[in-house]
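For reference, the structure discussed in these notes is given below.
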Amino acid sequence: MSLTVPPSPFIAPSILSADFGHLGDDVRQAVELGAPWIHCDIMDGHFVPNLTFGPDTVRAVRSAAPQATVDVHLMVERPDWMLEPFREAGADILSVHVEACPHLHRTIQQIHDLGAAAGVALNPATPWQRIEPVLSMVDVVVIMSVNPGFGGQSFIMETLDKARALRDWRSKHEASFVIQFDGGVSPETIDACLDAGGQSLVAGSSFFKAPDRKERWALFQSKINQAYD
Ligand code: DX5
Ligand code: ZN
């Protein structure tokens with residue numbers, strides 16, 4: 001498993017808000033603008049009250065973006081049996097929810113055995129301490145900054161402290177997981193995400209539904225540069 005992590009924080013566009021009639025074009029545009037990771041939201045209608053897509057769509061993303069990191073976020077109950085089909089479809093990162101995994105340690109091992117990077121996602125109401133026993137083995141911590149299920153919701157500010165606590169834990173224990181914010185990332189909230197230690201910032205509607213994606217990307221990038229120069 002080798003996870004490509006850019007040195008500075010970055011936007012990971014979520015295809016949930018892309019135009020599915022032109023998915024390949026939308027993904028190519030995101031990559032051309034500089035997106036290093038493409039985020040794919042899998043919803044099963046049980047863990048969350050919405051349904052999205054399966055491995056074939058991830059395969060289409062993989063072929064439209066052969067160089068990008070394909071980041072698959074599984075908002076599903078019992079994700080274990082899905083890991084292999086999504087990995088086979090081209091996922092580089094497989095993120096599961098702690099709330100959906102009674103045997104989280106084993107699930108993370110399974111992801112690593114498949115040669116993928118392992119992410120663990122926390123709902124807004126889930127304390128970060130719940131994953132403390134596995135933090136030294138995870139590659140990505142996904143802090144849900146909205147309740148999972150839909151794009152276009154407002155950022156929940158209370159989740160910022162979770163990132164700060166995780167950043168402190170990581171430096172104290174010399175761990176190396178990536179801190180990801182997922183949900184409600186926009187020009188209005190990106191500064192707070194960066195300040196709290198967010199590195200991978202998932203943006204669905206604020207990128208794909210922007211009136212001018214190129215302009216939106218440049219705005220995000222200038223805010224990242226300001227925070228990190
Ligand atoms: C929400 C998904 C997010 C979603 C974010 O359940 O996990 O990845 O695409 O969408 P926005 O950026 O519109 O909040
Ligand atoms: Zn997501």
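Please state which one of Leu194, Leu166 is in contact (Cβ under 8 Å) with a residue 60 or more places away in the chain and either among the hydrophobic types (A, V, I, L, M, F, W, C) or surrounded by 16 or more Cβ atoms within 10 Å (Cβ to Cβ) (or both).
Leu194
Please list, ordered by first then second residue, the pairs with beta carbon atoms under 9 Å, 6 or more apart or interchain, first in segment 139-150 and acidic (Asp, Glu), second away from ligand 2 (no atom under 11 Å from the Cβ) and open to solvent by 10 Å² or more (accessible area, probe 1.4 Å).
Pairs that qualify, where the first residue is acidic (Asp, Glu) and the partner is away from ligand 2 (no atom under 11 Å from the Cβ) and open to solvent by 10 Å² or more (accessible area, probe 1.4 Å), are Asp139/Met1; Asp139/Leu3; Asp139/Val5; Asp139/His112; Asp139/Ser176.
Is one or more of the residues making up segment 158-173 within 13 Å of ligand 2 (Cβ to nearest atom), within 16 Å of the chain's Cα centre (by Cα) and not charged (D, E, K, R)?
no
Kindly indicate the residue of segment 53-84 that is of a type outside the set (Val, Ile, Thr) and assigned to a strand (DSSP E or B) and also farthest from Ala30 (Cα to Cα) among those meeting that condition.
Met75
Out of the residues in segment 210-222 that are closer than 18 Å to Phe181 by Cβ and surrounded by fewer than 18 Cβ atoms within 10 Å (Cβ to Cβ), which is nearest to the chain's Cα centre (by Cα)?
Gln221
Which of the residues that make up segment 1-33 are touching a helix residue (DSSP H, G or I) at 6+ places or on another chain (Cβ under 7 Å), more than 16 Å from Gly204 (Cβ to Cβ) and modelled with pLDDT of 95 or more?
Ser8, Pro9, Gly24, Arg28
In segment 86-103, how many residues are under 18 Å from the mean Cα position of the chain (by Cα), more than 20 Å from Ser200 (Cα to Cα) and open to solvent by 20 Å² or more (accessible area, probe 1.4 Å)?
The qualifying residues number 2.
Within segment 128-144, does at least one residue satisfy the condition of being surrounded by 17 or more Cβ atoms within 10 Å (Cβ to Cβ), within 14 Å of ligand 1 (Cβ to nearest atom) and farther than 23 Å from Met1 by Cβ?
yes
Are there any pairs with C-beta distances below 6 angstrom linking a residue in segment 36-48 that is acidic (Asp, Glu) to a residue that is open to solvent by less than 30 Å² (accessible area, probe 1.4 Å) and not in a strand (DSSP E or B), with the two at least 6 apart or on different chains, and if so which?
So the pair list comes out as Asp44/Val76.
The values are calculated or read from the model by the stated rules, or taken from the named source; none is laboratory data. Every value quoted in this text rests on a predicted model; they were computed, and no experiment measured them. Because the Cβ atoms are built from the backbone with ideal geometry, glycine has one as well, and the counts that use them run over all protein chains shown. Only protein heavy atoms, including side chains, enter the accessible area calculation; ligands, DNA and RNA are left aside. Shrake-Rupley method; radii C 1.70, N 1.55, O 1.52, S 1.80 Å.
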